[in-house]
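The values are calculated or read from the model by the stated rules, or taken from the named source; none is laboratory data. Please read all numbers here as calculations on a predicted model, not as lab measurements. Cβ sites come from the backbone with ideal geometry, for glycine too, and all protein chains shown count toward neighbours. Surface accessibility is based on the protein's heavy atoms, side chains included, excluding ligands, DNA and RNA. Shrake-Rupley method; radii C 1.70, N 1.55, O 1.52, S 1.80 Å.
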Amino acid sequence: MSRNIKWRREFTGRGLVSLCGMAIVILTLAISVFLLVRGSETFVTFGHSLSEFLFGMTWKPADDMAGGGKVGAALFIAGSIITSMVALLIAVPFSVATAIFITKISPELGRKVIRPAVEIFAGIPSVVYGWVGLVVLVPWIQELFHLPQGQSILAASVVLSVMIYPTITSISADAIESVNPKFLEGAYGLGATRWQVIYSVLIPAAKRGILTAIILGLSRAFGEALAVAMVIGKMKAFPTSLLAPAHCLTAAIASDMGGAMDGGELNAALWSMALFLFIMSFLFIVAIRLIGRKGQANA
Amino acid sequence: MTTTSTGAVASEQNKNPLTQVDASIRHARFSDRLATGALYAISGSFVLLLIAMLSYIMYNGIEAYSGTIFSFTDEGIGNQFFNTIYLVVISLLVSVPLGIATGVYMSEYAAPGRTTDLLQMALETLSSLPSVVVGLFGYLAFVVYVGTQWNLFSGALAVSILSIPLITTTTYNALQALPKGYREGSLALAATPWETIVHVLLPACVQPIITGIMLAAGRGFGEAAALLYTAGMSTDINWNVWNLASPVCPLNPFRPGETLSLAVWASRTEGTTANAGDVAAAASAVLICLVLFFSIMSRWLGRAISRKIEGE
Amino acid sequence: MTTSTLAYRSAQTASSDIAIQSNITFNCRDVNLFYGKFQALKHINLRMERKKITALIGPSGCGKSTFLRTLNRMNDLVRGCHIEGSINLNGVDIYKEMDPLVLRRNVGMVFQQPNPFPKSIYDNVAYGPRLKGITQKKVLDEIVEKSLRQAAIWDELKDRLKKSALGLSGGQQQRLCIARALAVEPSVLLMDEATSALDPISTARIEELVNTLKNKYTVIMVTHNMQQAQRIADNTAFFYMGEMVECADTHTLFNNPEKKQTIRYVSGDFG
């Protein structure tokens with residue numbers, strides 16, 4: 001092969017992959033810009049205030065270009081925050097316990113049984129979680145607490161906790177595994193039992209990684225749409241009890257966008273919700289980066 | 001009685017302190033055993049939960065079986081099954097080349113520092129996007145602005161946005177993990193960087209890349225929120241029409257195409273047809289089978305391919 | 001030959017046991033250790049004198065570190081590790097009659113890499129006492145001060161006890177680790193190449209410290225540095241290929257060894 005062709009290929013190949021890299025950056029920018037533009041229409045075109053959107057209790061946007069409705073999305077925002085927080089409260093202890101088990105208690109069982117099981121958990125589609133939640137969990141909750149309907153914040157949180165369990169477990173396990181064994185030896189050498197080593201040295205040493213895992217789990221719970229939509233009850237009321245049906249941002253977008261007129265106030269308000277979700281997920285990334293950077297500085 | 005108790009005290013005192021276990025050790029041993037038991041119980045219960053869920057789903061799927069449930073008609077989920085596979089294949093056709101190329105660019109060509117940081121940030125942003133937001137973007141960009149209706153191709157593009165970060169990251173990590181000698185050895189033989197990438201580096205990364213692609217495919221099968229307003233929730237296929245331009249031709253990517261996961265969602269939330277419950281049960285079971293099949297395949301295929309390449 | 005060297009020439013006579021008992025901390029008889037099928041220690045017989053510094057030397061992979069770790073049962077943590085023979089501490093079999101937690105409280109260990117926990121200096125030293133169930137702040141304060149003083153690092157650290165231990169220099173970290181081990185009030189201190197990761201000045205300070213510690217503690221140290229053994233050890237044992245080849249007082253072992261392998265090793269032929 002002549003040198004000429006060789007280097008022409010190099011040039012083409014390099015150009016091609018560079019284009020692809022650029023395309024990804026442009027795609028990300030495009031998504032951000034679309035969301036910013038459409039999401040800000042609620043405030044720019046329809047003249048609502050940011051505080052009305054974030055804290056307003058009345059959700060009655062008009063489904064037309066004239067506008068004039070109310071876009072208080074507080075009930076959706078609260079629903080999203082409460083369901084994901086409760087999901088975290090349920091999932092984190094179990095996840096961290098499993099992560100400890102597969103790394104320090106029985107790596108053998110961990111490798112052969114638990115890790116594959118966690119991977120399968122992660123692969124189950126979210127609508128299937130939602131469906132099982134709807135046909136199994138919701139009737140249980142209804143019966144257990146004698147409720148008119150079982151769809152509730154509790155149901156949504158439990159479904160979400162099972163969904164984020166594999167994420168938090170596997171990332172925490174990686175973090176625990178990367179703790180330098182010299183710390184553990186030091187503690188054993190002072191006469192600590194395995195459990196004492198785990199809670200007083202191992203977990204503090206892995207806390208950044210575990211925190212990263214928790215934020216990723218939170219991010220996944222916050223952005224999950226259909227599984228939550230199936231079991232939360234989609235009640236447009238401010239959540240007052242764990243057992244009450246409620247609503248959340250993702251479910252509202254999923255169920256109302258189809259019927260909303262393009263360019264109308266409802267449509268714009270739903271886009272603002274999407275923008276809010278986008279900003280939240282961006283903040284989660286920033287948080288993870290900050291934790292990582294602090295970890296580097298300390299190491 | 002007094003003599004025995006004083007005798008016991010005396011013998012306690014005679015014992016070597018090294019053979020004694022004090023209260024703090026007894027307490028520590030007890031908590032250790034308790035915690036170990038709890039960790040076993042928690043990890044075990046999740047395995048049981050998984051088994052219970054999988055068997056529940058499979059059992060209901062089999063119970064929902066009727067002559068028509070797997071048929072390629074309105075009562076069956078055959079068309080949805082086909083749409084699911086077709087959509088994932090199209091999305092992989094887009095995301096695999098783009099994802100691998102970006103991974104290669106990031107690892108081999110991009111200047112470390114600002115360029116890779118920018119790309120990294122972009123990828124992290126993409127991968128953390130809620131899928132319903134990706135669906136909205138897809139709806140606007142691929143459906144509204146193009147001026148068309150809901151269609152499979154838009155759905156495939158939306159799914160691609162979700163799988164590109166995964167494929168790129170696995171490619172990048174695999175390339176970064178290669179020993180430096182691979183590059184130096186090839187470059188020393190007067191190969192260009194591009195030849196090194198194509199003939200040496202990428203073949204050495206086949207296994208992790210395949211695993212990444214399979215993982216992306218598995219997610220694609222299960223994706224629903226991103227497809228709500230892109231691929232649409234209806235399907236109208238005529239298996240006798242093979243004119244690609246026809247809106248009822250199965251292979252026409254520019255027709256609406258409901259996937260299995262959307263069928264689960266639709267039948268439980270809208271419940272328009274009489275056998276909605278059965279459709280959801282059967283579709284869930286088929287989805288689970290697809291996902292399991294792909295996760296097993298990815299391990300097997302990855303191992304087989306890397307064995308073949310290393311063997312040659 | 002003095003009685004102590006007699007003991008070190010691994011006298012096989014049981015009758016001398018009781019007479020020497022009070023001078024002996026560890027008494028190891030026919031110790032064999034296996035990692036799976038690999039035998040890492042072969043028929044080790046060794047006694048170590050109380051309140052003396054014993055150095056274990058030998059080429060890398062000779063089993064000296066493995067042996068040191070059998071003395072506080074750190075090898076229990078290694079999967080597939082299996083041990084035969086008996087090791088007595090003050091007349092008590094550490095594998096049959098003693099709880100490993102009791103053993104490790106009596107036999108402290110300092111490791112090759114300084115390994116202070118990612119906690120404050122105070123919490124590092126107080127870690128062991130807290131394990132023992134000591135919670136009163138006043139008592140802990142006293143123990144922390146006493147231990148840091150013993151490790152000759154109190155003056156350097158007393159004003160920043162609440163700061164992270166990871167901010168200290170390598171030499172300071174290692175002395176903190178010694179203080180941490182002393183805080184549990186052991187009778188024996190094991191040191192596994194404790195200065196090999198340190199610069200010469202830090203090494204000298206640690207050696208100086210170890211020399212003062214032998215007034216109160218029995219010190220058993222593994223070192224790959226023969227000069228270090230000659231500088232501070234009272235007795236030295238030479239390990240080779242999993243066997244304890246020879247043990248004597250340091251001067252004798254280096255200047256007048258009996259075995260051929262020892263002669264070759266101390267004269268620098270290999271290792």
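Data table
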| read-out | value |
| --- | --- |
| Overall Cα dimensions of segment A:71-298 - principal axes, largest extent first, Å | 67, 43, 29 |
| Amide H contacts under 5 Å for C:SER120, placed H, 5+ residues apart | C:ALA165 |
| Segment C:133-234: trypsin sites (Lys or Arg not before Pro) falling in loop per DSSP and having at most 14 other Cβ within 10 Å | C:LYS162, C:LYS163, C:LYS216 |
| Burial order of peptide ranges C:123-133, A:255-265 (average beta-carbon count within 10 Å, highest first) | C:123-133, A:255-265 |
| Exposure rank, largest accessible area first [A:ASP63, C:ASP192; 1.4 Å] | A:ASP63, C:ASP192 |
| Whole-number Å³ per residue for the convex hull built on Cα positions in the protein assembly as shown | 245 Å³ |
| Exposure rank, largest accessible area first [C:TRP154, B:TRP242, B:TRP265, B:TRP150; 1.4 Å] | B:TRP242, B:TRP150, C:TRP154, B:TRP265 |
| Kyte-Doolittle mean at least -1.0 and Cα axial length at least 18 Å: DSSP H helices in chain A | A:3-44, A:74-100, A:153-177, A:207-223, A:265-298 |
| With Cα atoms, 0 to 90° folded angle of helix B:260-269 axis to chain B main axis | 80 degrees |
| Chain B: most fluctuating residue of B:GLY212, B:GLY181, B:GLY135 per GNM, C-alpha cutoff 10 Å | B:GLY181 |
| Computed over segment C:69-123: relative contact order in percent, which uses C-alpha pairs under 8 Å that are six or more apart | 32 percent |
| Residues whose placed amide H lies under 5 Å from that of A:LYS234, excluding near-sequence neighbours | A:ALA246 |
| Helical contribution to [θ] at 222 nm, DSSP H n ≥ 4, -39,500 (n - 2.57), averaged over chain B, rounded to 500 | -22500 deg cm²/dmol |
| Under 17 Å from the Cα of B:LYS180 - aspartates and glutamates, other chains or at least 8 residues apart | B:GLU108, B:GLU195 |
| Interatomic Cα distance distribution for segment A:218-284, bins of 10 angstrom, percent | 20, 48, 30, 2 |
| Relative contact order of chain B, pairs being alpha-carbon contacts under 8 Å that are 6 or more residues apart, as % | 23 percent |
| Cα centroid of segment C:81-131 to Cα centroid of segment A:117-192, whole Å | 37 Å |
| Scattering curve values for chain B, log₁₀ I(q)/I(0), Debye with Cα scatterers, q = 0.07, 0.10 Å⁻¹ | -0.44, -0.73 |
| For segment A:184-299: Kirkwood Rh in Å [reciprocal of mean 1/r, alpha carbons] | 17.6 Å |
| Choice from B:LEU228, B:LEU166, B:LEU129 with maximal GNM fluctuation in chain B (Cα, 10 Å cutoff) | B:LEU129 |
| Partner lysines for C:LYS96 [C-alpha distance under 18 Å; skip if fewer than 8 residues away on the same chain] | B:LYS15 |
| For segment B:116-180, radius of gyration divided by Kirkwood radius, i.e. Rg to Rh on alpha-carbons | 1.12 |
| Anchor A:LYS60: lysines whose Cα lies under 26 Å away (excluding residues fewer than 8 positions away in-chain) | A:LYS70, A:LYS234, A:LYS236 |
| MRE, 222 nm, helices only [DSSP H, n ≥ 4, -39500 (n - 2.57), over chain C, to nearest 500] | -10500 deg cm²/dmol |
| Relative contact order computed over segment A:71-298 (Cα-Cα under 8 Å; 6+ residues apart), in percent | 28 percent |
| Test item: A:269-278 mean partner chain Cβ contacts at 10 Å | 3 |
| Nearest 10 degrees, 0 to 90: helix B:152-177 Cα axis against chain B principal axis | 50 degrees |
| Residue-level accessible surface for C:ASP155, protein heavy atoms, 1.4 Å, Å² | 110 Å² |
| 3J(HN,Hα) from dihedral phi, segment C:85-97, Karplus parametrisation 6.51/-1.76/1.60, rounded to Hz, x for glycine, proline | x, 9, 10, 9, 10, 6, x, 10, 5, 6, 8, 10, 10 |
| Within 10 Å of each Cβ in C:114-120, the average number of Cβ atoms from other chains | 6 |
| Tail beyond 29 Å, pair distance distribution of segment C:3-266 (Cα, percent) | 31 percent |
| Square roots of five times the Cα gyration tensor eigenvalues for segment B:24-63, Å | 38, 4, 4 |
| Average partner coverage of B:277-286, which counts Cβ from other chains inside 10 Å | 2 |
| Segment A:81-136: C-alpha pair distances exceeding 19 Å, % | 46 percent |
| Segment C:122-271: translational diffusion in µm²/s, Stokes-Einstein, Kirkwood Rh over Cα pairs, 4 °C, 1.567 mPa s | 76 µm²/s |
| Helix axis angle, B:276-311 relative to chain B longest principal axis, alpha carbon, degrees | 80 degrees |
| Placed amide H near C:LEU56: partners under 5 Å, 5+ positions off or other chain | C:MET221, C:VAL222, C:THR223, C:ALA237 |
| Within chain A, helix-based [θ] at 222 nm, where runs of 4 or more DSSP H residues each add -39,500 (n - 2.57), nearest 500 | -22000 deg cm²/dmol |
| Segment B:75-93 versus segment B:48-65: alpha-carbon centroid distance in Å | 23 Å |
| Set A:LYS112/C:LYS37; A:LYS207/C:LYS138; A:LYS294/C:LYS163; C:LYS51/C:LYS260 screened for pairs whose C-alpha atoms are more than 22 Å apart | A:LYS112/C:LYS37; A:LYS207/C:LYS138; C:LYS51/C:LYS260 |
